[in-house]
Amino acid sequence: MSPLSPPSPLSPRPDQHSTQHPKPLSYPFWTSEGLDLHPEYRQLWDKPLARVRLPYGEDAWLATRHEDVRTVLSDPRFSLATAVSRDQPRIGRMPRTGGGLIASDAPDHTRMRSLLSKEFTARRIERLREDIRRTADGLLDRMIDTGPPADLIEDFAFPLPMTLICELVGVPHSDHPHVRAWADTVCSGSATPETIQRRATEFFALMRGWVDTRRREPADDLLTLMVRACDKDGSVSEGELMGLLNELLVGGFVTTTNQIGNFFSLLLLPRDSEEDLMARLRAEPGLIPKAVEELLRYVPLLNGLSLPRYATEDTELGGVLVRAGEPVIVSPSAANRDPGVFDDPDRVILDRANNSHVSFGHGTHYCLGAHLARLELQVSLERVLSRMPDLRLAVPVNELRWRSKEFFSGLHELPVTW
């Protein structure tokens, strides 16, 4: 299968088990704006799996409870690879990808992940802390020199992780805008199939050019590592190389960009019933690592984007029999607010203990770049709070524009002053 295939429209056919399944709920459960969890999820924690219908693809089971979500994410009886050949449930005209980590199961997933996992260990990523600080300070210097107001997303939250992942991979600086444009296309949820396919053809051709360059001119970067694994070791195929490269680039900055903006919007928005979170973090900077984990738990990032996993055999989950061949999607955001696991789950507790959130997944598909994302988020909080002690919103709260019905929750821009 090619690295990218055009998506299929929603088929109006009845579900194959319609006489045995409850009527599906319309999903995702959208929030109008902001970072609140939709109240519909609260009705599902005490129930078995819900049957849902997304805008595209076949009907699916939805897991919202913490235990069930962790099971689906880690149990090998739920397959990601199967989804590539199915009319998978999805919220937009999302391209179907093949050849990388997110669409593979063991042993292929294990083989490909082992190529990169040693580059993303906590110890190795920690060595980047000072580099990330320098990059963050450079962006803040530019903001401060230009003077307020500024857009904290465009001027900081986007370029910080974008620059870092492109440098780690080995993308020429002149091509960084192309990486962003491709990510905007696949994450928007509104691009037409024709636009997706055209831009995919252009971007994969660009990536092949980078690969050819590294074959002639090796360097100290991840792209050279992957090219050598393909050409000398044969541990990954050409298609797998392209899939991994695509996933590293898009996954390496999109979620972190959104989360930096989300974290600061939460810290800057007035909160009547809670402590001044920003003031506490300024007073106790040593609390930032724990605060990042709590904000990761609290902020609902995914809007029904969870990739479906297909049961490879009849499996009981949450008291429900999931038949072989049926897809299950999970809501990490709901699992992260499960009152059966987290005390006072709708409150931000910066020093929360035993924070077993699933924002980076669970099991063998646990996010490869989790340590990098954590470090970028920690440094972002540390440097912005330190360098901008008077940071505040530059517009009224009701003028903030939240992304509506896209794959990720986030703001279009975050105007700030100081």
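Values in this text are rule-based calculations from the coordinates and carry no lab data. Just so it is clear, the structure is predicted and the values come from calculations on it, not from any experiment. No Cβ is skipped: glycine too gets one built from the backbone with ideal geometry, and neighbour counts run over all protein chains shown.
A straight chain from ARG208 to LYS118 at 0.36 nm per residue would run longer than the Cα-Cα distance by 30.0 nm. Kirkwood's formula applied to the C-alpha pairs of the chain gives a hydrodynamic radius of 22.3 angstrom. Toward the positive end of the charge dipole of the chain, with +1 on the Cβ of Lys and Arg and -1 on the Cβ of Asp and Glu, the farthest Cα among TRP30, GLY57, ALA324 is that of ALA324.
Distance from the Cα centroid of region 376-401 to that of region 45-76 is 35 Å (rounded to whole angstrom).
Highest first, please rank the peptides 278-289, 297-308 by the mean number of other Cβ atoms sitting within 10 Å of their residues. Show your work: numbers first, answer last.
Values: 278-289: 13.8, 297-308: 21.7.
Those peptides, ordered most packed to least, come out 297-308, 278-289.
Computed from backbone phi with θ = phi - 60° and the Karplus coefficients 6.51, -1.76 and 1.60, the 3J(HN,Hα) list for region 210-223 is 5, 4, 4, 5, 5, 5, 8, 10, x, 9, 8, 8, 5, 4 Hz; x is used for glycine and proline. Computed from backbone phi, the HN-Hα couplings of region 71-83 come to 5, 4, 6, 10, 7, x, 6, 10, 9, 7, 4, 4, 5 Hz, rounded to whole numbers (Karplus: 6.51 cos²θ - 1.76 cosθ + 1.60, θ = phi - 60°; Gly and Pro given as x).
Region 328-349 and region 118-139 have Cα centres separated by 30 Å.
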